[in-house]
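Trainee: One structure coming up, written as structure tokens, with questions to follow.
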Amino acid sequence: MHWDLFFTVLVAGGISAGLYGFLPISLIMTYRISRTIAFIHGGIAAAAGAAYWILTLHNDLLSAQGDFIIAFNQGSLNPTEFGHRPSWPQAPMMIVIMIFGGLIAGVYGAVVMSRKFASMSALVLTVVSLGAMLGLIGIASILNIEGNLLPDSPFGQGRHQALPLSMTNGLPLNLTNNQICTFITVLGLSVVLAIYLTRTHSGLQIRALADDQEAGVWCGIKLQLLGSFVYAASGAIAALAGVLVSVTIGVNPGDMLVFVLDGLAIAIVGGLRSLPLSFVGALLYSLTETALKVGFYGDVKLSTQAVILYGLLLSIIVTVATLRREQFFLLERQSL
């Protein structure tokens, strides 16, 4: 092992963990109130990333591909093209996309949390959510986007040296505004969420529904209204995650799907119930990924890196499930 890279791995991996912490927040929030896995948030993240790319990327970077939003039959003699990229400013577009993500999730939540749908099994509702995710990813995939071309961050393009050269083996460790702001945003959301769930009336109602949905409804909690609010809030967070992923790794639908599965696995570390445990999983995953990428363990093939990373997640999930047992994972759904 190359111990001279230790501080690089520690700082870069710790900061990068913020990106992996976004989607678990959305998944855990909706699971606690609905007892279903909200795959739709993955679709919202993918669609949000594609929308941000389309709306903010400057047209002059795409002269070869054309600045059309949708282009069917590319490469043919008679392509069908629609719309033009507007190249709007990044920060306002991020907010607009979060609002639309919240609206989509809120409408979905109003449907699945209604008394008619809420009585369905968790399996049926999870399959419906999975179908919604695939539909949104399918919509994103027909857009005229280039997955390897990254849009600018809504937080600016600044870079900052994180550690002295003496601590990084002479190689500068620069953190971008996007990495730093992503990490700070995840921490801020976690604090706000913790305060909301423990210090507000609606937060206590959410916790009551998470413990016993049927009893909460009998006590007068408005399941559909509160459920729609939770879905809308978590949908906005998922949309923000999609925007930040598009800035970091691009908007290739396949890569987005992998990011969704990674987020789900990290959420399962906490049994889809515990944010602190999920954040621990995100941190360990990010530290290991960074160590493999920068060569802390030497030259490791990409295929081997994937085996190590997913093996690590599986080991953590099994360990936490063994230690917590009955408190870990509740896939059952209480009837109404």
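The values are calculated or read from the model by the stated rules, or taken from the named source; none is laboratory data. From a predicted model like this one, the values you see are computed outputs, not experimental measurements. With ideal geometry, Cβ positions are generated from the backbone for all residues, glycine too; neighbour counts draw on all protein chains shown. Areas reflect the complete protein model, heavy atoms only, side chains present, ligands, DNA and RNA absent. Shrake-Rupley method; radii C 1.70, N 1.55, O 1.52, S 1.80 Å.
Trainee: Subtract the Cα-Cα distance of Ser190 and Ser114 from 0.36 nm times their separation in residues, and report this length gain in nm to one decimal.
Mentor: Between Ser190 and Ser114, full extension yields an extra 24.6 nm.
Trainee: Using the per-residue mean of other Cβ atoms lying within 10 Å as a proxy for protection, in what order, highest first, do the peptides 141-153, 29-41 fall?
Mentor: 29-41, 141-153
Trainee: Sort Val192, Val260 by heavy-atom solvent-accessible area, probe 1.4 angstrom, most to least.
Mentor: Val192, Val260
Trainee: I would also like to ask the following. Given an 8 Å cut-off on Cα distances and at least 6 residues of separation, report the relative contact order of the chain as a percent.
Mentor: Computed over the chain, the figure is 36 percent.
Trainee: List the DSSP H helices in the chain whose Cα atoms stretch 18 Å or more along the helix axis and whose mean Kyte-Doolittle hydropathy is at least 0.5.
Mentor: Helices passing the filter in the chain: 6-34, 40-56, 90-112, 122-141, 177-199, 223-248, 253-269, 275-294, 302-324.
Trainee: Where the accessible area of the chain is counted over protein heavy atoms with a 1.4 Å probe, how much of it, in %, is carbon and sulfur?
Mentor: That share works out to 68 percent.
Trainee: In addition: Please give the calculated 222 nm ellipticity per residue for the chain, where each DSSP H segment of at least 4 residues contributes -39500 (n - 2.57) and the sum is spread over every residue; nearest 500 deg cm²/dmol?
Mentor: Helix contribution divided over all residues of the chain: -22000 deg cm²/dmol.
Trainee: Let me ask you something else. For the chain, build the charge dipole from Cβ charges (+1 Lys, Arg; -1 Asp, Glu) around the Cα centre, then report which of Pro154, Gly270, Ala122 sits farthest towards its positive end.
Mentor: With unit charges placed on the Cβ atoms, the residue in question is Ala122.
Trainee: How about Lys301: which lysines have a C-alpha closer than 17 Å to its C-alpha, ignoring those fewer than 8 places off in the same chain?
Mentor: The reachable lysines, counting only those whose Cα sits under 17 Å from Lys301, are Lys293.
Trainee: Show Ile99, Ile316 ordered by accessible area, largest first, where the area counts protein heavy atoms only and the probe is 1.4 Å.
Mentor: Reading off the accessible areas and sorting them downward yields Ile99, Ile316.
Trainee: Quick check for you: with a 1.4 Å probe and neighbouring chains kept, what is the accessible area per residue of the chain, in Å²?
Mentor: That works out to 47 Å² per residue.
Trainee: For Asp255, what accessible surface area do you get with a 1.4 Å probe? Give it in Å², rounded to 10.
Mentor: 70 Å²
Trainee: If you place +1 on the Cβ of every Lys and Arg and -1 on the Cβ of every Asp and Glu, how big does the dipole about the Cα centre of the chain come out, in debye to the nearest 20?
Mentor: In total the dipole reaches around 920 debye.
Trainee: Also, I was wondering about something else. Tell me, rounded to the nearest percent, the portion of alpha carbon pairs in the chain spaced more than 26 Å apart.
Mentor: Result for the distance tail: 51 percent.
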